[in-house]
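The values are calculated or read from the model by the stated rules, or taken from the named source; none is laboratory data. Quick caveat, the model's predicted, so the values are computed rather than measured. Reconstructed Cβ throughout: ideal geometry from the backbone, glycine too, with neighbour counts over all protein chains shown.
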Amino acid sequence: MQTRTAVFLVWLLGTLLTAPVMLVAQSTEWTVYGGDTANTRYSPLNKINTSNVNRLRVAWVLQLGSLRSQESTPLVIGETLYVTSSFGPKHVFAVDAKTGVQRWRYTPEVPAGVEQFACCDVNNRGVAYANGKVFVGRLDGYLVALDAKTGKELWKSQVVDYQQGSVITSPPTLIKNLVITGFGGGEYGARGYLSAFDQETGKEVWRLWTVPGTGEAGNETWKGDSWKLGGGVVWHVGSYDARLNLLYYGTSNPSPWSAVVRGPDRSDYGQFTNLYTATTLAINPDTGKIVWHYQSTPHDAWDYDGVNELVLADITINGQQTPALLKADRNGFFYVLNRQSGQLLSAMAFAPINWATEVDMQTGRPIEVPDKRPRMQFRAKDICPNLLGGKNWQPMAYNPQTGLVYIPSLNLCMDMEGAEPNYKRGMMYLAAEFDLGKGGPGGYLSELIAWDPVKKHKVWGNQDPLPWLGGVLTTAGNLVFHGNVEGWFKALDAKSGKLLWQFQTGSGISAAPMTYEIDGKQYIAVVSGRTHSIPPFLGAIGEKMIAASPEGGALFVFELAP
């Protein structure tokens, strides 16, 4: 045992000394969806700052060629900007990042009627780039590699059959020679998995089933054969720590929403936690094997999808520098984990919640309020947050200068009750009845929150009368950028939250902004185009969202006026 321990310590020391430092932020480009592989959405650029941001003006605009639910964050590689539209994507554009002049456009044939299999909308969040190739996932379940210079399709590999209710909406994660992606379908009874493909050939290298089958560890957490339609899909973005060689993803809700199908219909669920749904996974990207996991909502009955992005940051906790993983979960708790070991370090409510009182730090499980768990023949009322979560998919950002995380949060509640399950392939498999159109306490419906992950409290917050704030960008210019459903694109002081500048884009903003610099000039970019599928779920609140702005589809790029 001593010999094995010594060997491990030698190996660990060697790894720490020789492994490359984890990417913190791109210097002048924006080469990854989250700005870096840690998904911080922080840029060290500071030519645009608190002293001059009020001089921002439109440099150029690109029409994306589609309306409805634009969610793309562009990439900038060299002097070329890559951005996608919704509906497929209908288009992938490569344009001159200084002028917006088109260099090429890729327009794939996506099957008609694909939207019936897309929960929850026909959005696309962008592309990934490596070694002269652009990689994009499509609503028809294919992953495609394009020549970055010409837009020519180099290979196309099927990830999943979209007709089971599984579409690809997020950019893949690129690690070494691999391109890694998941898909949606947690509302359709799809059984989730991650797939890794060779970047050169498009051949599948490994597949990780995120809901374990018969004979696999974790299968005992499912009632009967419910795992076969168990959800736990991986439809959002991944993070990567090169020093630890760990890939991180969050998984979705179990399927169906009604927990009685998957275990006991009560808060005392015992072994029926339904692994690995609503879970943060740390994965060895070379093998596709799970290294550790942390489940935030065991035996989920609320659709508290666990896919939200995982932000990696080294922070000081109790005087010790800690390799942390930060997550603002749909269930309303802000989690800090040790990203090397998976140890839970803290869990604190960041949004109004009442379904649980706290997280037990010994077990890691939420302490539920039983009357807030939906069950068959029991309608749980005024559950906060509702199934859109304390935060939805729109990415947060972490600024190492301020030490704060900027969270586009929601303040919505719901009634929910279990219903009889009825699975039909390609149809929604929910087994629940619900009313989502209830505002939370305080008279506001969303809030941009500056959160201290070490002190575990809100530093400041800007409340909004309507839900669905856009994703966030933060920079070394002491700025925070985000949009809202009315179409306003805002710049805030990162330390105080003071509004410094805003611009009306004409349609709601869900997408996260980005920034880049060319020839000494800094630009800020954001995609505008209001969500389409979310408002109908929210009754009168949804009607106000629709009235707030029309649908749209444009990329706005800003520069400083002389």
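Quick notes on this one:
- Residue ID - nearest to residue 78 (Cα to Cα), chosen from residues in segment 533-545 that are touching a residue at least 12 places away in the same chain (Cβ under 8 Å) and part of a helix (DSSP H, G or I): 545
- Any hit, segment 515-532, residues being in a loop (DSSP other than H, G, I, E, B), at negative phi and among the β-branched types (Val, Ile, Thr): yes
- Screening the candidates 196, 217 for the property of being at negative phi and not in a strand (DSSP E or B) yields one hit, 217.
- The residue that is farthest from residue 142 (Cα to Cα), counting only those in segment 81-120 that are in contact with a helix residue (DSSP H, G or I) (Cβ under 9 Å, 6 or more places away or on another chain) and surrounded by fewer than 20 Cβ atoms within 10 Å (Cβ to Cβ), is 120.
- Meets criteria (within 19 Å of residue 67 (Cα to Cα), over 17 Å from the mean Cα position of the chain (by Cα) and without any contact (Cβ under 8 Å) to a residue 60 or more places away in the chain) for residue 153: no
- Residues that are surrounded by fewer than 22 Cβ atoms within 10 Å (Cβ to Cβ), of a type in the set (Val, Ile, Thr) and in a strand (DSSP E or B) are absent from segment 265-288.
- Just so you know, in segment 491-516 the residues that are free of Cβ contacts under 8 Å to residues at least 40 places away in the same chain and surrounded by fewer than 21 Cβ atoms within 10 Å (Cβ to Cβ) include one that is farthest from residue 352 (Cα to Cα), and it is 504.
- In segment 391-420, the residues that are farther than 30 Å from residue 371 by Cα reach residues that are at pLDDT below 95 with C-beta atoms within less than 8 angstrom, at least six apart or across chains, in these pairs: 400/24.
- Filter result (surrounded by fewer than 23 Cβ atoms within 10 Å (Cβ to Cβ), assigned to a strand (DSSP E or B) and not hydrophobic (A, V, I, L, M, F, W, C)) within segment 414-446: 415, 417, 433, 435, 437, 438, 439
- Residue check for residue 201: free of Cβ contacts under 8 Å to residues at least 40 places away in the same chain, over 24 Å from the mean Cα position of the chain (by Cα) and surrounded by fewer than 24 Cβ atoms within 10 Å (Cβ to Cβ): no
- Exactly one residue out of 468, 451, 460 is within 24 Å of residue 557 (Cβ to Cβ) and either modelled with pLDDT of 95 or more or not charged (D, E, K, R) (or both): that is 468.
- Looking only at segment 80-92, and only at residues there that are touching a strand residue (DSSP E or B) at 6+ places or on another chain (Cβ under 6 Å) and in contact (Cβ under 8 Å) with a residue 40 or more places away in the chain, the one that is farthest from residue 114 (Cα to Cα): 80
- Scan segment 63-80 for residues that are buried (at least 24 other Cβ atoms within 10 Å of the Cβ) and among the small types (Gly, Ala, Ser) and the total you get is 2.
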